[in-house]
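Visitor: One structure, pasted below without further comment.
The values are calculated or read from the model by the stated rules, or taken from the named source; none is laboratory data. Computed from a predicted model, the values in this text were never measured in an experiment. Counting neighbours? That spans all protein chains shown, and the Cβs are built from the backbone with ideal geometry, glycine included. Ligands, DNA and RNA are excluded from the accessible area calculation, which covers all protein heavy atoms including side chains. Shrake-Rupley method; radii C 1.70, N 1.55, O 1.52, S 1.80 Å.
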Amino acid sequence: MSRVLTQNLSPGMITDEDVYSYNNQLIIAKGGELTNKIITKLEYYSVLSVRIRDGKDDEEEEILKAPKPKRPRRLPSYSEQIKASPEFKKFNAEFNQSLEEFRGAINDLVTKNVSDTDKLLENTDRLLSGNPSGIHVFDMLHNMRDFDDPTYAHSLNVSLICNVFGKWLGMSGEELRILTLAGLLHDVGKLKIPVKILTKPRKLTNEEYSLVKTHSVEGFNILQALDLDEHVLNAALMHHERCDGSGYPFGLTHNEIDRYARIVSIADVYDAMTSPRVYRGPLCPFKVIEIFENEGLQKYDPELILIFLEYIVNTYMNNRVRLSNGAEGDVVLINKLNLSKPMIRCGNHYLDLSREHNLSIEAII
């Protein structure tokens, strides 16, 4: 008897144990003969290895020695296709260029009270050019989670998300310009917070967290000295307020919070949670969507969060995901009643995650 990795199994091998799936379903009984179909099923259920009978006779010995048949070449995932595309390479280069320009412009804004909003928005315009809907931005950002930057890259991301979100809400023209600028400048107050606190890899002390929370008022004070739209100022001041009154700095409730700030708050949290930080890796977007589904209607504007979630989850169509049992598959259908639990195609099998209560999406790959 020897244990053979599933990837090295061949049709005709004889099992020397009962093999079960993660939910205790018998896949093949002891003494059973492996077929291509059973091997595929073992891979699907993430069975790593199987005990195989050693050759007691010449026939079984020959089976065990038989060369492993060639498996079909795995097709590249949607994410891999995106990363290999000329569009992604162009976006990545332009993002880095925009990030450096934005960094300089924001530092000038804080230290010299100099603000050229048209120049600031050139950074987002460059990244949004060539796709009026902006939906390609999510394909790009989903595959560009290498920046651990809670201020500059985060602010640029939020401005791009706000722009697309605004289009989903029917905004255009000056409204969309104001919202994009609000996303770009919402965290400017963080430049008044010591970098060692913003990048601390451990839990903040109560005093440090209290200091970080002052960034919204600090940002408002910085922007107040400039000739900017009131919504931009309010977004900096109120983007951590929550509709149930649990936010800061004032504990405002729904109608007391500027609508632009309510929009920015959703984009801000989505990007922050799906981006890496020094103290954790990026959260799986479907986990973030689940959190929004569970808490969103209380903390965020219900109209806004429902629109955002319905649109955002559709940007993950066709993406390959890894499930909590280790299996991989592609998102093929969105469940509108449970957005974090779509239909997944795993090979020739389909899994409705809304019915598979023990399964969830662990990562987009």
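Visitor: Could you grab me the full set of residues in the stretch 315-340 that are surrounded by 15 or more Cβ atoms within 10 Å (Cβ to Cβ) and either at pLDDT 95 or above or not in a loop (DSSP other than H, G, I, E, B) (or both)?
Guide: Once the filter is applied, which keeps residues that are surrounded by 15 or more Cβ atoms within 10 Å (Cβ to Cβ) and either at pLDDT 95 or above or not in a loop (DSSP other than H, G, I, E, B) (or both), the stretch 315-340 yields R320, V321, R322, L323, E328, G329, D330, V331.
Visitor: Moving on to the next point. Here's a check for you: in the stretch 352-365, which residue that is free of Cβ contacts under 8 Å to residues at least 40 places away in the same chain and under 21 Å from the mean Cα position of the chain (by Cα) is surrounded by the most Cβ atoms within 10 Å (Cβ to Cβ)? Break it down stepwise before answering.
Guide: Of the stretch 352-365, the ones free of Cβ contacts under 8 Å to residues at least 40 places away in the same chain are 352-357, 359.
So of that shortlist, the ones also under 21 Å from the mean Cα position of the chain (by Cα) come out as 352-354, 359.
On the way: D352: 14, L353: 23, S354: 14, L359: 18.
Among those that are free of Cβ contacts under 8 Å to residues at least 40 places away in the same chain and under 21 Å from the mean Cα position of the chain (by Cα), it is L353.
Visitor: Right, here's the next one. Restricting the search to the stretch 15-26, which residues are surrounded by fewer than 17 Cβ atoms within 10 Å (Cβ to Cβ) and either in a strand (DSSP E or B) or at pLDDT below 80 (or both)?
Guide: Hits for the stretch 15-26 are Y20, S21, Y22, N23, N24, Q25, L26.
Visitor: What is the residue count in the stretch 352-361 for residues that are part of a strand (DSSP E or B) and in contact with a Cys (Cβ under 9 Å, 6 or more places away or on another chain)?
Guide: Counting residues in the stretch 352-361 that are part of a strand (DSSP E or B) and in contact with a Cys (Cβ under 9 Å, 6 or more places away or on another chain) gives 1.
Visitor: Then there is this: Restricting to the stretch 27-42, give me the number of residues that are at pLDDT below 85 and open to solvent by 80 Å² or more (accessible area, probe 1.4 Å).
Guide: Result for the stretch 27-42: 2.
Visitor: Kindly establish whether A235 is open to solvent by less than 40 Å² (accessible area, probe 1.4 Å), more than 22 Å from the chain's Cα centre (by Cα) and closer than 29 Å to L176 by Cβ.
Guide: Yes, satisfied.
Visitor: Hey, does the stretch 204-211 have a residue that's open to solvent by 40 Å² or more (accessible area, probe 1.4 Å), of a type outside the set (A, V, I, L, M) and under 16 Å from A261 (Cβ atoms)?
Guide: No, the stretch 204-211 has no match at all.
Visitor: While we're looking at this one, here's another question. Inside the stretch 292-301, can you point out the residues that are open to solvent by less than 50 Å² (accessible area, probe 1.4 Å) and either free of Cβ contacts under 8 Å to residues at least 40 places away in the same chain or over 23 Å from N255 (Cβ atoms) (or both)?
Guide: Across the stretch 292-301, the qualifying residues are F292, G296.
Visitor: Out of all the residues in the stretch 243-253, is one or more in contact with a helix residue (DSSP H, G or I) (Cβ under 6 Å, 6 or more places away or on another chain), surrounded by fewer than 17 Cβ atoms within 10 Å (Cβ to Cβ), assigned to a loop (DSSP other than H, G, I, E, B) and at pLDDT 95 or above?
Guide: Kept after step one, since they are in contact with a helix residue (DSSP H, G or I) (Cβ under 6 Å, 6 or more places away or on another chain), are these residues of the stretch 243-253: 243-244, 249.
If we keep only those that are surrounded by fewer than 17 Cβ atoms within 10 Å (Cβ to Cβ) as well, we get 244, 249.
From what is left, the residues that are assigned to a loop (DSSP other than H, G, I, E, B) are 249.
Now drop any that are not at pLDDT 95 or above, which leaves 249.
Yes, there is a match, as at least one residue in the stretch 243-253 is in contact with a helix residue (DSSP H, G or I) (Cβ under 6 Å, 6 or more places away or on another chain), surrounded by fewer than 17 Cβ atoms within 10 Å (Cβ to Cβ), assigned to a loop (DSSP other than H, G, I, E, B) and at pLDDT 95 or above.
For (1) under 30 Å from D118 (Cα atoms); (2) hydrophobic (A, V, I, L, M, F, W, C); (3) under 27 Å from the mean Cα position of the chain (by Cα), each residue gets a yes or a no:
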site	(1), (2), (3)
H186	yes, no, yes
K190	yes, no, yes
N206	no, no, no
S210	no, no, no
S246	no, no, yes
P249	yes, no, no
I257	yes, yes, yes
V269	yes, yes, yes
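Visitor: Just give me the residues in the stretch 150-170 being free of Cβ contacts under 8 Å to residues at least 40 places away in the same chain and open to solvent by 20 Å² or more (accessible area, probe 1.4 Å), in sequence order.
Guide: K167, G170
Visitor: Tell me, yes or no, whether the stretch 256-270 has at least one residue that is open to solvent by 60 Å² or more (accessible area, probe 1.4 Å) and outside any helix (DSSP H, G or I).
Guide: Scanning the stretch 256-270 turns up no residue that is open to solvent by 60 Å² or more (accessible area, probe 1.4 Å) and outside any helix (DSSP H, G or I).
Visitor: Within the stretch 341-351, track down each residue that is surrounded by fewer than 18 Cβ atoms within 10 Å (Cβ to Cβ) and either in a loop (DSSP other than H, G, I, E, B) or touching a Ser or Thr at 6+ places or on another chain (Cβ under 8 Å) (or both).
Guide: Scanning the stretch 341-351 gives G347, N348.
Visitor: Further, regarding this structure: Tell me which helices (runs of 4 or more DSSP H) are completely within the stretch 56-148 and hold 2 or more residues being modelled with pLDDT of 65 or more and out of contact with any strand residue (DSSP E or B) (no Cβ under 7 Å at 6 or more places or on another chain), or say none if there are none.
Guide: Of the helices (runs of 4 or more DSSP H) lying wholly inside the stretch 56-148, those with at least 2 residues that are modelled with pLDDT of 65 or more and out of contact with any strand residue (DSSP E or B) (no Cβ under 7 Å at 6 or more places or on another chain) span 78-84, 86-112, 117-128, 136-142.
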